[in-house]
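The values are calculated or read from the model by the stated rules, or taken from the named source; none is laboratory data. Nothing here was measured: the structure is a model prediction, and the numbers come from that model. Cβ placement follows ideal geometry from the backbone for every residue including glycine, while neighbour counts extend to all protein chains displayed. In case anyone asks, the SASA skips ligands and DNA or RNA and just uses the protein heavy atoms, side chains included. Shrake-Rupley method; radii C 1.70, N 1.55, O 1.52, S 1.80 Å.
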There are 2 protein chains.
Amino acid sequence: VIVTVTLNTALDVTYTVPRMVPGTSHRPDVVWQAGGKGINVARTLHALGRDVLAICTTGSSVGREIALDLSTAGLRFERVPIREASRRTVTVVETDSSALATAFNEPGPCLSGEDWALVQETVVRALGSATVLVLSGSLPRGLPSDAYGVLIAMARERSVPVILDASGAALTAALAAGPSVVKPNAEELFDVTGSRSLESASDVLRAAGAEAVVASLGPLGLRAMTTEGSWTARPPVVSEGNPTGAGDAAVAALAVGLAEGTPWPERLADAAALSAATVLTPRAGEFDAAAYRRFARQVIVDNGPPG
Amino acid sequence: VIVTVTLNTALDVTYTVPRMVPGTSHRPDVVWQAGGKGINVARTLHALGRDVLAICTTGSSVGREIALDLSTAGLRFERVPIREASRRTVTVVETDSSALATAFNEPGPCLSGEDWALVQETVVRALGSATVLVLSGSLPRGLPSDAYGVLIAMARERSVPVILDASGAALTAALAAGPSVVKPNAEELFDVTGSRSLESASDVLRAAGAEAVVASLGPLGLRAMTTEGSWTARPPVVSEGNPTGAGDAAVAALAVGLAEGTPWPERLADAAALSAATVLTPRAGEFDAAAYRRFARQVIVDNGPPG
């Protein structure tokens, strides 16, 4: 089973309005779903028919709404009950203004030492049957900055490979524990290294402990930099859509490839195709299955630099 | 005890951001409180030291958050549990743009026949000890448009006077039941009557069954049109503030006046002073107590037209 961990779980609420006019009142259409990057990864794996367990923190009544949505989705999940309330995100989508999206991300709960201990216990228990551990998203307040490093070390002790999708201090403080793959986007990669070259930035992360670096490049695809070599996967052009969740889809495909030991070029092509097929759907964690099959034949993988 | 009824209770969430930029992500400060016009009226009466009972619908986890907030506020309330979830409102306040407020009001639950029967039972039970019944705010979906009329008839059978603060069909369909006071604002009054004169519009509502009409006129104060005569209460100028809840404060004062049989000029002056003192505070249901005492001496009441 592929185990995903979401420490800063959210209830993602979408308000759809014809047009947002600052200073006025609106009557939005409302939909919501459980969110957070690890949840999105788990949804994608579930849709691919993979055996997946989503570990997620849930607090108070918002946490109950998150759990209810996950149950409805038929996703296998394990709640880590935390003391403070889980957060909401509200995204206002305007249908009249080329789907302009304005997001409000609540700061979210502060985890206690007991909350963090319970997270670790839950992850250790799940590692017994895990093929891959996926760690995604921002760290909630209250956790040590090397929290992901602690979880990676637990997995490595048990020979479970780990994919880490994080940025900033949550990423850098976790490298020493030796994640199998880290998947920053190009901006995050440049941010944490201060470098403006994909190769030299990934060299910095690999020197610090990451075994492989996969940088997501938006419409330009993915670039993998590993001990076995470097590859670029170039997806077909997806002219418009919703890039939210595209990175999570890439992580889901990389987790499958890692679990099955697929060669890097094939693994990267699959990640690029699934990511592009996710852009075609409005909701995170969903992808266009027909487009995924089509894109899988169209992605080009080579050793050259992207762009 | 003054009994307020809120059929479309809300959890009012306020997001404070320096500046809202459409198409981008924000990290707001978050506060929330139980809302809905009847809840605001009850908060004001509670702050005035009056005996008050707030009857409100609450559904699902949002309903639990509403109840938790009311408990914390020390307000006496009775929940009518409904099948669907209570709604949220989200208001985005920009601190850098002279407190520009952009509101998103979720449509809210649809009440079932059983929900509505439970509302009526709860109101009938509360009427046994009620001095005044206050009906405020929009009707949730699923209720008959004369829902307020049904509640008014129940109160009148038991000789309990009723204040109704509603607009549109919820107001017009309730008039035949004979509310003691209706309190539209000028715009709502003109809307339902098609008239552009306060006097002739209020004549229409009184001919349809309302005993008295009090129109709220924003900074111009209040105009009462009753069988005993017509008066205008002119508050002192409040140069800036938050008008949200000012109408609810006026209703709270009118309820006290109705319970105690205060003469109209005095009753109207009190309502105008309390309303103006509410504009000075940021949250609905709160007022500036010192300003209220000062304004009470400064309000001018006469028989002339407003403006």
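Values computed for the structure shown
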| quantity | calculated |
| --- | --- |
| Highest-MSF residue in chain A out of A:136, A:86, A:112 [GNM, Cα springs under 10 Å] | A:112 |
| Computed over chain B: relative contact order in percent, which uses C-alpha pairs under 8 Å that are six or more apart | 15 |
| Accessible area (Å², 1.4 Å probe, nearest 10) - residue B:248 | 10 |
| For segment B:1-129, with +1 on Lys and Arg beta carbons and -1 on Asp and Glu, the positive-most of B:24, B:101, B:71 along the dipole | B:71 |
| Accessible-area order (highest first, 1.4 angstrom probe) of the listed residues B:32, A:264, A:231 | B:32, A:231, A:264 |
| Residue among A:204, A:224, A:279 farthest towards the positive dipole end of segment A:202-307, charges placed on Cβ | A:279 |
| Other copies of residue B:23: label-to-label distances in nm, shortest first, labels 7 Å along the beta-carbon direction | 2.0 |
| Relative contact order %, segment B:188-307, counting alpha carbon pairs below 8 Å whose residues are six or more apart | 25 |
| Normalised alpha carbon radius of gyration of chain B [divisor 2.2 N^0.38 Å] | 0.96 |
| Inter-chain shielding of A:84-93 (mean C-beta neighbours from other protein chains, 10 Å cut-off) | 2 |
| Carbon + sulfur, % of accessible area of segment A:96-232 - ligands and nucleic acids excluded, 1.4 Å | 52 |
| Inter-label distance for residue A:95 and residue A:112, nm, one decimal - labels placed 7 Å from Cα along Cα-to-Cβ | 4.5 |
| Shortest-first nm distances, residue B:114 label point to equivalent points in other copies (7 Å, Cα→Cβ) | 3.6 |
| Cα centroid separation - segment B:80-145 against segment A:124-160, whole Å | 44 |
| Cα pair distances of the protein assembly as shown binned at 20 Å [whole percent] | 19, 42, 25, 14, 1 |
| Rg followed by Dmax, in Å, when segment A:95-196 is reduced to its Cα trace | 15.9, 53 |
| Nearest-first distances (nm) between copies at residue B:300, label 7 Å from Cα via Cβ | 8.2 |
| Chain B Cβ-axis minimum, rotational copy A, residue and distance in Å | B:61, 2 |
| Under-5 Å amide H pairs with residue A:59, H placed in peptide plane, nonlocal only | A:82, A:86 |
| Exposure rank, largest accessible area first [B:244, A:44, B:227; 1.4 Å] | B:227, B:244, A:44 |
| Computed [θ] at 222 nm, helices only, for chain B once each DSSP H run of length n ≥ 4 contributes -39500 (n - 2.57) | -11500 deg cm²/dmol |
| Segment residue B:145-residue B:190, extension gain: residue separation times 0.36 nm, minus the distance between their alpha carbons | 14.3 nm |
| Coordinate range along principal axes, alpha carbons of segment A:191-282, Å, largest first | 38, 32, 18 |
| Segment A:173-231, Cα convex hull volume normalised per residue, Å³ | 70 |
| Under 23 Å from residue B:183, Cα to Cα: lysines that are on another chain or at least 8 residues apart | B:37 |
| Residues of chain B: accessible area per residue with a 1.4 Å probe, Å² | 39 |
